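Report on one structure; see the data block that follows.
The values are calculated or read from the model by the stated rules, or taken from the named source; none is laboratory data. Every value quoted in this text rests on a predicted model; they were computed, and no experiment measured them. Don't worry about glycine lacking a Cβ; one is built from the backbone with ideal geometry, like all the others, and counts go over all protein chains shown.
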Amino acid sequence: MKLSDFKFDLPEKLIAEFPAEKRDQSRLMVLNRKDESIEEKKFSDIIDYFDKGDCLVINETKVFPARLMGTKDKTDAQVEIFLLRELENSMWEVLVRPARKVRVGNRLTIGDELSCDVIDNTVSGGRVVRFFYEGDFFEIVEKLGKSPLPPYIKREPIPSDKERYQTIYAKTRGAVAAPTAGLHFTKKLLEKLEKKGVTIVPIVLHLGLGSFRPVMVEDLSRHKMDSEYFEITENAAKTINDTMKNGGRIVAVGTSVVRALESVVTSEGWVKTMSGWTDKFIYPPYEVKIVDRMITNFHLPQSTLIMLVSAFAGKEFVFKAYQQAIKSEFRFYSYGDAMLIC
């Protein structure tokens, strides 16, 4: 498969700038891989596609307000500082904009409580900075930062984004992008699933900007994914493995869950306990080994996300569904509608 195989045209009006009024009232497209049938439902109908003994695997990563606005020393020029990942000793890998104006040796000031020195450049065009502050770094960032909305949402973040660009089960801070398939769940819907006999298992994968970084090579085997930190606990691995042994289905909420589980699958086809970094890139003809069903949103053309979905459901079937979604005016991307692949 080549990069150009994943190109499609999307009307700009279908890019969701705001979330649905109610999380579980987003639309849902259901893809059945056996007969390649497609249904159009509401997300709240998803409960009908679960049976007792199934396992719903969620990503409980928590997005923090990673966009900071600072001023450059001496010139007072405005600079956006996007936190990517913590390194060590108050050092972070960041993206800066406008990048051409920020050089090694510059000092950037963010409000009265935070400043940083630019100490290095990164291979991907970012910067390494060292922060200076008193107190708790993340408390300061929560106060000064803005929600890190994806680049295709052109508007500025608003206060409600801090709540809506976050799953209701977000717990472990560390992501700069939301696991958006999970944005459709409500507490009530999860309770209904549990009452039906569905086990809900949390794992963690902290999404970085790699989810949105464009693939720049036609030969997909040459693309390198950004590394993202993940954790699968002993209890999570045991529950998933027990579900498979007992004939239940593993339903992944989002591509991040699929990537995490596929990063730890053993040669015997089981999930093992592990924490660390993964740069696993899933694209056709990769065969997903753990997940039986997947919930996901509608993704960008030529993105690593649509490539993963195509590996799971088949590229031709996925593109057939996308064309129907465009015709039926489903809402696309992070704040858009959802897809269940059975």
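Only a single criterion out of (1) modelled with pLDDT of 95 or more; (2) within 21 Å of Lys315 (Cβ to Cβ) is not satisfied by Met216, namely (1). Filtering segment 321-338 to residues that are part of a loop (DSSP other than H, G, I, E, B), surrounded by 21 or more Cβ atoms within 10 Å (Cβ to Cβ) and either among the small types (Gly, Ala, Ser) or not assigned by TED's automatic domain parsing to the domain that holds Asp219 (or both) leaves Ser334, Gly336. Glu228 satisfies every condition listed in (1) of a type in the set (D, E, K, R); (2) at pLDDT 95 or above; (3) buried (at least 19 other Cβ atoms within 10 Å of the Cβ) except (2). Those helices (runs of 4 or more DSSP H) of segment 204-320 in which at least 2 residues are free of Cβ contacts under 8 Å to residues at least 24 places away in the same chain, considering only elements entirely within it, cover 234-245. If you check Val204, Val271, Val217 for being over 24 Å from Thr172 (Cα atoms) and not acidic (Asp, Glu), only one passes: Val217. The single condition among (1) touching a residue at least 24 places away in the same chain (Cβ under 8 Å); (2) within 21 Å of the chain's Cα centre (by Cα) that Gln25 does not meet is (1).
Exactly one condition in (1) within 15 Å of the chain's Cα centre (by Cα); (2) buried (at least 23 other Cβ atoms within 10 Å of the Cβ); (3) under 24 Å from Ile341 (Cα atoms) is false for Gln166; which is it? Looking at each condition in turn, Gln166 falls short on (2). A single member of Ile47, Ile81, Ile15 is touching a helix residue (DSSP H, G or I) at 6+ places or on another chain (Cβ under 6 Å) and not hydroxyl-bearing (Ser, Thr, Tyr), and it is Ile47. Taking the criterion of being part of a loop (DSSP other than H, G, I, E, B) and either on the phi > 0 side of the Ramachandran plot or not hydroxyl-bearing (Ser, Thr, Tyr) (or both), the residues of segment 25-49 that qualify are Arg33, Lys34, Asp35, Glu36. Within segment 138-158, the presence of at least one residue that is surrounded by 18 or more Cβ atoms within 10 Å (Cβ to Cβ), more than 30 Å from Leu14 (Cα to Cα) and touching a strand residue (DSSP E or B) at 6+ places or on another chain (Cβ under 6 Å) is confirmed.
Of the residues making up segment 9-56, those that are of a type in the set (Val, Ile, Thr) and under 26 Å from Gln302 (Cα atoms) are Ile15, Val30, Ile38. Scanning segment 262-282 for residues that are farther than 20 Å from Tyr229 by Cα and among the hydroxyl-bearing types (Ser, Thr, Tyr) turns up just one, Ser267. Of all residues assigned to segment 32-42, none qualifies as being in contact (Cβ under 8 Å) with a residue 12 or more places away in the chain, crowded, with 19+ Cβ neighbours inside 10 Å and not basic (Lys, Arg). Once segment 46-77 is narrowed to residues that are surrounded by 13 or more Cβ atoms within 10 Å (Cβ to Cβ) and free of Cβ contacts under 8 Å to residues at least 60 places away in the same chain, the residue that is nearest to the chain's Cα centre (by Cα) is Gly70.
Condition (residue is among the hydroxyl-bearing types (Ser, Thr, Tyr), out of contact with any Lys or Arg (no Cβ under 9 Å at 6 or more places or on another chain) and surrounded by 16 or more Cβ atoms within 10 Å (Cβ to Cβ)) applied to segment 108-126: is it met by at least one residue? Give the steps one after another, and end with the answer.
Step one: list which residues in segment 108-126 are among the hydroxyl-bearing types (Ser, Thr, Tyr), which gives 109, 115, 122, 124.
Checking which are out of contact with any Lys or Arg (no Cβ under 9 Å at 6 or more places or on another chain) leaves us with 122.
Right, trim to surrounded by 16 or more Cβ atoms within 10 Å (Cβ to Cβ) and you get none.
Within segment 108-126 (the criterion being among the hydroxyl-bearing types (Ser, Thr, Tyr), out of contact with any Lys or Arg (no Cβ under 9 Å at 6 or more places or on another chain) and surrounded by 16 or more Cβ atoms within 10 Å (Cβ to Cβ)), the answer is no, since none of the residues qualifies.
If the Cβ limit is 7 Å and pairs must be 6+ apart or interchain, which residue in segment 136-163 that is of a type in the set (Lys, Arg) pairs with which residue that is modelled with pLDDT of 90 or more? From segment 136-163, the pairs are Lys146/Pro65; Lys146/Arg67; Arg155/Glu17; Lys162/Pro65.
Checking Leu87, Leu83 one by one, the residue that is in contact with a Phe, Trp or Tyr (Cβ under 8 Å, 6 or more places away or on another chain) and either modelled with pLDDT of 95 or more or of a type outside the set (Lys, Arg) (or both) is Leu83 and no other. Taken over segment 91-105, the criterion of being outside any strand (DSSP E or B) and either touching a His at 6+ places or on another chain (Cβ under 8 Å) or within 13 Å of Gln78 (Cα to Cα) (or both) is satisfied by Pro98, Ala99, Arg100, Lys101, Val102.
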